[in-house]
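First the structure, in the form of structure tokens, and then the observations on it.
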Amino acid sequence: RLFYTWTPDITATPFSAWIEVASREKTAGLINNLDIWLDKAGRAHLLWLEQSLWDLRLREKFFPGVPPTYSLEHAVVDKGQIVQRTTLASGGEGLSKEIPGHARLHAAPDGRLFVFYYCSGTDTQGYPVAENRLMEIYPDGAHGEPIPVLLKHPFTSFMTATERGGSPPSDKIEILGEAADLPGISYARIALMNKIRAEFTATVHPGVAGSRVSL
């Protein structure tokens, strides 16, 4: 079970009563709390992983018919009330065979919010998947399509430089953690806002009815 509590002023106001954000108790599932971020409006963005069954050996005897599923979840809490909840990625039996894993939130200086996460499993063609992905979360709670981050050794478990740890918002994601097929701890720095430059030539072709421009 995942709970949340808050106070507007820790020096003067006690914490509020706990609210339950998510639960997998009915099927002996698993919840991994991943990250929390406060936006400029003071709303808390929560990120966690849900697994329908913690141990598949329990399924046959205790939970027949319950499919093993995995999902990356995001919720927004405003003054102790859940105002948005979104499933960012999901997989498992009856769903995609791509399984979301460890993740972190990352805020850019302009207030844009991203999720950096690990994904494993197989794609629709049956090829193995083991990669990091980046997804933007929009202010209305919707999210963009995931973009693969093409690291030679993707991070499977990691930390990032966040505002919670005293780091300012950044247009670069700094990652420290365990990378696939590498011993020890690895580091990577990923630029979010690379400038795009377009170059082209223009040729004007005059005609009786007008001109045609070729780029």
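The values are calculated or read from the model by the stated rules, or taken from the named source; none is laboratory data. Worth saying up front: this structure is predicted, and the values here are computed from it rather than measured. Cβ placement follows ideal geometry from the backbone for every residue including glycine, while neighbour counts extend to all protein chains displayed. To get the accessible areas, we keep the full protein, side chains included, count just its heavy atoms, and leave off ligands, DNA and RNA. Shrake-Rupley method; radii C 1.70, N 1.55, O 1.52, S 1.80 Å.
Along the range 88-93 the Karplus relation, 6.51 cos²θ - 1.76 cosθ + 1.60 evaluated at θ = phi - 60°, assigns HN-Hα couplings of 7, 7, 8, x, x, 4 Hz to successive residues, with x for each Gly and Pro. For the peptides 150-161, 112-123, the ranking by packing is 112-123, 150-161, with the highest mean count of neighbouring Cβ atoms within 10 Å listed first. Close amide H pairs (under 5 Å, H built 1.01 Å from N) link Leu151 with Asn132, residues at least 5 positions away or on another chain.
Highest GNM mean-square fluctuation among Pro146, Pro100, Pro128, for the chain modelled with Cα contacts below 10 Å: Pro128. By the rule of a C-alpha distance below 19 Å, with chain neighbours fewer than 8 residues away ignored, the lysines paired with Lys152 are Lys172.
When nucleic acids and ligands are ignored and a 1.4 Å probe is applied, Phe200 ends up with an accessible area of around 140 Å². In this view, the solvent-accessible surface of Trp6, computed with a 1.4 Å probe and all protein chains in place, comes to about 70 Å².
Accessible-area rank, largest first, for Ile173, Ile147: Ile147, Ile173, with all protein chains present and a 1.4 angstrom probe. With the whole protein complex present, Thr87 retains an accessible surface near 70 Å², based on a 1.4 Å probe. A 1.4 Å probe over all protein chains sorts Asp181, Asp39 by accessible area into Asp181, Asp39, starting with the largest. Surface analysis of the chain yields an accessible area of 63 Å² per residue, using protein heavy atoms and a 1.4 Å probe. Note on the chain: with neighbouring protein chains present and a 1.4 Å probe, carbon and sulfur make up 55 percent of its accessible heavy-atom surface. Spatial offset of the range 136-209 relative to the range 5-34 amounts to 31 Å, using the alpha carbon center of each.
Shown here for the range 125-202: GluC sites (Glu not before Pro) in loop regions (DSSP other than H, G, I, E, B) with at most 11 other Cβ atoms within 10 Å, namely Glu199. Amide H to amide H, with H built 1.01 Å from N, Met159 comes under 5 Å of Leu176, Gly177, counting only residues 5 or more places away or on other chains. Each residue of the range 132-148 was assigned a 3J(HN,Hα) from its phi angle through the Karplus expression (A = 6.51, B = -1.76, C = 1.60, θ = phi - 60°), giving 8, 9, 10, 9, 8, 9, 8, x, 7, x, 6, 9, x, 6, x, 10, x Hz with x at Gly and Pro. When Arg24, Arg104, Arg189 are compared by accessible surface with a 1.4 Å probe, the order from highest to lowest is Arg189, Arg24, Arg104.
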